[in-house]
Amino acid sequence: MLGPGQTTDVLIRGDQPPSRYYMAARAYQSAQNAPFDNTTTTAILEYKSASCAAKKCNAPTPIMLSLPAYNDTNTVTTFSQSFRSLEKAEVPTDIDESLFFTIGLGLNKCPPNFRKRRCQGPNGTRFTASMNNVSFVLPRNFSLLQAHQQGIPGVFTTDFPANPPLKFDYTGNLSRSLFQPVPGTKLYKLKYGSRVQIVLQDTSIVTPENHPIHLHGYDFYIIAQGFGNFGSKKDTSKFNLVDPPMRNTVGVPVNGWAVIRFVADNPGVWIMHCHLDVHINWGLAMAFLVENGVGELQTIQPPPPDLPMC
């Protein structure tokens, strides 16, 4: 299982009869009634002793393998949860920042000057998305890092909520009053060296979906994943603090949750967002402002003199 923009290195043991073998992949579709590309991508892995000349090939035609169904969440989950670090990992244990982020879609009223093709939600609404009910708005005139480093006011605020503003049954039947997030360019401030834990909770607002959440500037440990609403009492027993995998993208299960940990030791402004392109455009993102530490090695470097202006 690879989310958009995610990478995985694999080792293949060449212990099969010399021949030609298919490699294949197809989409995983978790959102109900959402259109998707249902084609299958393939490549051929060929042993050197079974090579084919330009017009002559003695190797047999490879046999197409059987792939899981497009909506086979059980296979996706089993595979994703099978990853382990090769050795004991240095997982942060004493947590300074314990954060809880709900993620999901939403609906906004369509502005009167918009064409219908820009408002494809139900009943003429416009799709949106959010974290903790904040639909992220990218600044237009300055980058977030530039605004932070140069002290430019009015570009962002640092009041992104550490928890959802309203607790509800995240994966149950929801009131339509929860469907409209608030737009804003809100950052969450972290002290240099903070040990951070984030619970990423999918919601069934509009539709539940597997969201590949990517964090810029960091790799993190995925210490647990599960389904339903995360419970701090019942689900902490599932935490793997010994050999969890380290990645920069985590697939938050459909109607489920994932928990990640990292140490905020890279100063700057780092966006965390869904790697489904349309979802970041809809606002499924936030950003961390990691403050400088002590000394040159813990401080944001100034831009080069020849840095082009935006």
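The values are calculated or read from the model by the stated rules, or taken from the named source; none is laboratory data. Computed from a predicted structure; not experimentally measured. Backbone-built Cβ (ideal geometry, glycine too); neighbour counts: all protein chains shown.
For the reader, a short list of remarks on this structure follows.
For (1) at pLDDT 80 or above; (2) touching an Asp or Glu at 6+ places or on another chain (Cβ under 6 Å); (3) closer than 14 Å to Tyr21 by Cβ, each residue gets a yes or a no:
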site: Tyr47; (1), (2), (3): yes, no, yes
site: Ser51; (1), (2), (3): no, no, yes
site: Asn71; (1), (2), (3): yes, no, no
site: Thr78; (1), (2), (3): yes, no, no
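- The lone exception for Pro183 - which of (1) outside any loop (DSSP other than H, G, I, E, B); (2) farther than 22 Å from Gly104 by Cβ; (3) not hydrophobic (A, V, I, L, M, F, W, C) it fails: (2)
Table: residues versus (1) under 30 Å from Leu174 (Cα atoms); (2) of a type outside the set (Val, Ile, Thr); (3) part of a loop (DSSP other than H, G, I, E, B).
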site	(1), (2), (3)
Ile12	no, no, yes
Met23	no, yes, no
Ala34	yes, yes, yes
Pro62	no, yes, yes
Leu65	no, yes, yes
Asn71	yes, yes, yes
Thr75	yes, no, no
Leu86	no, yes, yes
Ala89	no, yes, yes
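- Looking across segment 179-195 at every residue that is of a type in the set (A, V, I, L, M, F, W, C) and in contact with a Ser or Thr (Cβ under 8 Å, 6 or more places away or on another chain), the one that is nearest to Glu291 (Cα to Cα) is identified as Leu187.
- Among the residues listed as Val199, Val134, Val182, the single one being among the aliphatic types (A, V, I, L, M), in contact with a Gly (Cβ under 9 Å, 6 or more places away or on another chain) and in contact (Cβ under 8 Å) with a residue 40 or more places away in the chain: Val134
- A single entry from Lys189, Lys167 fulfils the requirement of being surrounded by 12 or more Cβ atoms within 10 Å (Cβ to Cβ) and either among the basic types (Lys, Arg) or touching a residue at least 12 places away in the same chain (Cβ under 8 Å) (or both): Lys189.
- Note on segment 149-169: among residues that are modelled with pLDDT under 95 and not in a loop (DSSP other than H, G, I, E, B), the one that is nearest to Gly256 (Cα to Cα) is Gln149.
- Residues of segment 254-281 classified as modelled with pLDDT under 95, over 30 Å from Thr78 (Cβ atoms) and of a type in the set (A, V, I, L, M, F, W, C), total: 0
- So Thr157, is it β-branched (Val, Ile, Thr), crowded, with 16+ Cβ neighbours inside 10 Å and free of Cβ contacts under 8 Å to residues at least 40 places away in the same chain: no
- Counting the residues of segment 72-127 that are among the β-branched types (Val, Ile, Thr), within 25 Å of Gly226 (Cβ to Cβ) and surrounded by 16 or more Cβ atoms within 10 Å (Cβ to Cβ) gives 6.
- Residues that are in contact with a Phe, Trp or Tyr (Cβ under 9 Å, 6 or more places away or on another chain), of a type in the set (Val, Ile, Thr) and surrounded by 22 or more Cβ atoms within 10 Å (Cβ to Cβ) within segment 217-261 comprise Val250, Val254, Val259, Ile260, listed in sequence order.
- Residue match in segment 135-143 (condition: under 23 Å from Phe262 (Cα atoms) and assigned to a strand (DSSP E or B)): yes
- Tabulated pairs, segment 9-29, first touching a residue at least 40 places away in the same chain (Cβ under 8 Å), second of a type in the set (D, E, K, R) and surrounded by 14 or more Cβ atoms within 10 Å (Cβ to Cβ), C-beta under 7 angstrom, 6+ apart or interchain: Arg20/Glu46
- The lone exception for Glu90 - which of (1) free of Cβ contacts under 8 Å to residues at least 40 places away in the same chain; (2) over 30 Å from Gly268 (Cα atoms) it fails: (2)
- Number of the exception - Gly172 against (1) within 16 Å of Gly104 (Cα to Cα); (2) in a strand (DSSP E or B): (2)
- The number of residues in segment 2-43 that are at pLDDT 90 or above and touching a strand residue (DSSP E or B) at 6+ places or on another chain (Cβ under 7 Å) comes to 10.
- Scanning segment 202-216 for residues that are buried (at least 20 other Cβ atoms within 10 Å of the Cβ), β-branched (Val, Ile, Thr) and either over 12 Å from the mean Cα position of the chain (by Cα) or modelled with pLDDT under 95 (or both) gives Thr203, Ile205, Val206.
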